[in-house]
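Here the structure comes first, spelled out in C-alpha cells, and everything after it is commentary.
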Amino acid sequence: LLGPQNKRLDEANPSVNAKLPSTEHNPGGGRIKALHPVIAPPGRMPSINIRLYEQKPVLPHWLIERQALSAEMMDDLQTCMQDGRRTLICGGTRTGKTTMLSALCNFLPEGWRILKIEDPEEIWIDRETVQTVEARPQARGTEVTPYLLADGVDDAMRMSPDYLIIGEVRDGAAAMSLFRALMTGHSGACTFHADSPREAARRLATVMGADSGVRAHEANQMIADAVDLLVQIGIRHEIRRVMQVANVSKELKSGDVWFEPIFRYNEQSPVGNPAWEKLGELHSRNSQD
C-alpha cells in the first residue's frame with residue numbers, strides 16, 4: 001500500500017498518512033494513519049486507523065432526511081452554489097464538513113469546470129468536468145519537493161476553473177492562495193476547522209499571520225472580501241446539525257469580520273424534531289458585488 005505512494009513505515013519514519021485506493025468493493029476509497037511499534041508504549045500493538053469515504057456521491061436529500069438541516073435551508077444553499085457564491089464550511093472534528101461540501105457540489109451547474117485541490121482526495125463529484133489536484137508531502141530522506149495545497153491553488157488559476165474547491169484549509173499559505181483567487185473573481189468553496197463563525201475568523205487570521213506574515217486587520221478584510229457565505233456545523237445529541245448559515249458582511253465592524261445570520265439552530269428544539277430560526281435573508285449577488 002505504501003510503496004506506490006513513495007511512503008514507508010519503519011523506525012526512521014514511525015508515523016505515516018496514506019491513501020486507501022478505491023476498489024471494486026470499496027469504490028469510495030479512504031485513508032489510513034499508521035504508527036510504528038517504536039513509538040507505541042511497551043507491550044502495545046502498533047496502531048492503524050482506517051477511515052472509509054462514502055461509496056457513492058453524497059446527495060443533498062440525505063442530509064435533510066438525517067435532519068442535519070431543513071429543506072428551506074437547503075434551498076438557499078442550492079441558490080448559493082448555482083450562483084457560484086464563495087462558501088466557507090466550518091465545524092469541529094467529525095461534524096461532516098466534507099460530507100456537506102460533497103452534497104452541495106451536486107448543485108453546481110452542469111458543464112462547469114470544477115477543480116478540486118485536496119490532501120488527500122475525499123470529495124466525490126460524479127461529473128466528467130472535474131479535475132482533481134492532490135497535495136504530496138516531501139518524501140522523508142529524499143530531496144523531492146513537496147506539492148502543497150497552495151501550489152495546487154496557484155496551478156488551478158491557470159486551468160480556467162468555473163468553480164474551485166479546497167477540501168480543507170489547514171494553513172495560512174493555503175488560505176492566502178485561496179482567498180487571493182476568490183478575491184479576483186473566481187467562485188469556490190472550502191472547509192475549515194472551527195467551532196463557531198467568530199472562531200473561524202480568528203483562527204484564519206491567526207494562521208495567515210503566522211504562516212504568511214499578514215496583519216490581523218488585513219487578514220480580516222481579505223476574509224470579508226473573499227467569502228460570501230458561512231455554513232457552521234456542529235454535533236448535538238450525537239447528530240450532525242447545521243448550527244448556523246450566515247452572510248459574510250463586506251464591511252468590517254471594529255476591525256472584525258461580521259456575520260449576518262440567516263438561519264440558526266434552536267438549541268431548545270426536541271432531539272427528534274429539530275428546528276431552525278429564520279433570522280435574515282440571503283444577500284443578493286448585487287449587494288455582494
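The values are calculated or read from the model by the stated rules, or taken from the named source; none is laboratory data. Remember, predicted model here, so these are calculated numbers, not experimental data. Quick reminder, even Gly has a Cβ in these numbers, built from the backbone with ideal geometry, and neighbours come from all protein chains shown. To get the accessible areas, we keep the full protein, side chains included, count just its heavy atoms, and leave off ligands, DNA and RNA. Shrake-Rupley method; radii C 1.70, N 1.55, O 1.52, S 1.80 Å.
Give me the residue from the range 14-28 that is surrounded by 15 or more Cβ atoms within 10 Å (Cβ to Cβ) and touching a Leu at 6+ places or on another chain (Cβ under 9 Å) and, out of that set, nearest to A40 (Cα to Cα). Before you say what the answer is, go through the steps one by one.
Going through the range 14-28, the residues surrounded by 15 or more Cβ atoms within 10 Å (Cβ to Cβ) turn out to be 14, 16, 18-20, 22, 28.
Among the residues that remain, those that are also touching a Leu at 6+ places or on another chain (Cβ under 9 Å) are: 14, 16, 18-20, 28.
Working: P14: 9, V16: 14, A18: 19, K19: 22, L20: 23, G28: 30 Å.
Ranking the qualifying residues of the range 14-28, first place goes to P14.
For the range 246-259, a residue qualifies if it is over 21 Å from the mean Cα position of the chain (by Cα) and not hydrophobic (A, V, I, L, M, F, W, C), and the qualifying residues are K250, E251, K253, S254, G255, D256. The set of residues in the range 29-45 that are open to solvent by 60 Å² or more (accessible area, probe 1.4 Å) and outside any strand (DSSP E or B) comprises P37, V38, I39, P41, P42, G43, R44, M45. Residues in the range 72-98 that are within 12 Å of I165 (Cβ to Cβ) and surrounded by fewer than 17 Cβ atoms within 10 Å (Cβ to Cβ): none.
Among the residues of this structure, L69 does not count as one that is at pLDDT 95 or above, buried (at least 20 other Cβ atoms within 10 Å of the Cβ) and in contact with a Cys (Cβ under 9 Å, 6 or more places away or on another chain). Just wondering, is there one or more residues in the range 99-109 that are open to solvent by 30 Å² or more (accessible area, probe 1.4 Å), over 16 Å from R240 (Cβ atoms) and not aromatic (F, W, Y)? Yes, the range 99-109 contains at least one residue that is open to solvent by 30 Å² or more (accessible area, probe 1.4 Å), over 16 Å from R240 (Cβ atoms) and not aromatic (F, W, Y). All conditions in (1) open to solvent by 80 Å² or more (accessible area, probe 1.4 Å); (2) more than 21 Å from the chain's Cα centre (by Cα); (3) at pLDDT below 95 hold for E277, with the sole exception of (3).
Cβ separations smaller than 6 Å between residues 6+ apart or across chains give the following pairs from the range 174-185 residues that are closer than 12 Å to A219 by Cβ to residues that are in a helix (DSSP H, G or I) and open to solvent by 10 Å² or more (accessible area, probe 1.4 Å): M176/S212; F179/M222.
From the list T79, T95, which residue is in contact (Cβ under 8 Å) with a residue 12 or more places away in the chain, closer than 21 Å to R236 by Cβ and out of contact with any Ser or Thr (no Cβ under 9 Å at 6 or more places or on another chain)?
Among T79, T95, only T95 is in contact (Cβ under 8 Å) with a residue 12 or more places away in the chain, closer than 21 Å to R236 by Cβ and out of contact with any Ser or Thr (no Cβ under 9 Å at 6 or more places or on another chain).
I'd like to check something: does the range 140-158 contain any residue that is of a type in the set (S, T, N, Q), assigned to a loop (DSSP other than H, G, I, E, B) and open to solvent by 10 Å² or more (accessible area, probe 1.4 Å)? The answer is yes; a qualifying residue exists. Show the residue pairs meeting these rules: Cβ distance below 9 Å; 6+ apart or different chains; first residue within the range 30-50 and in contact (Cβ under 8 Å) with a residue 12 or more places away in the chain and more than 17 Å from A12 (Cα to Cα); second residue surrounded by 13 or more Cβ atoms within 10 Å (Cβ to Cβ) and small (G, A, S). The qualifying pairs are G30/S22; R31/A18; I32/A18; I48/A34; N49/A34; I50/G30. Within this structure, A103 fails the test of being in contact with a strand residue (DSSP E or B) (Cβ under 7 Å, 6 or more places away or on another chain), closer than 27 Å to R66 by Cα and of a type outside the set (F, W, Y).
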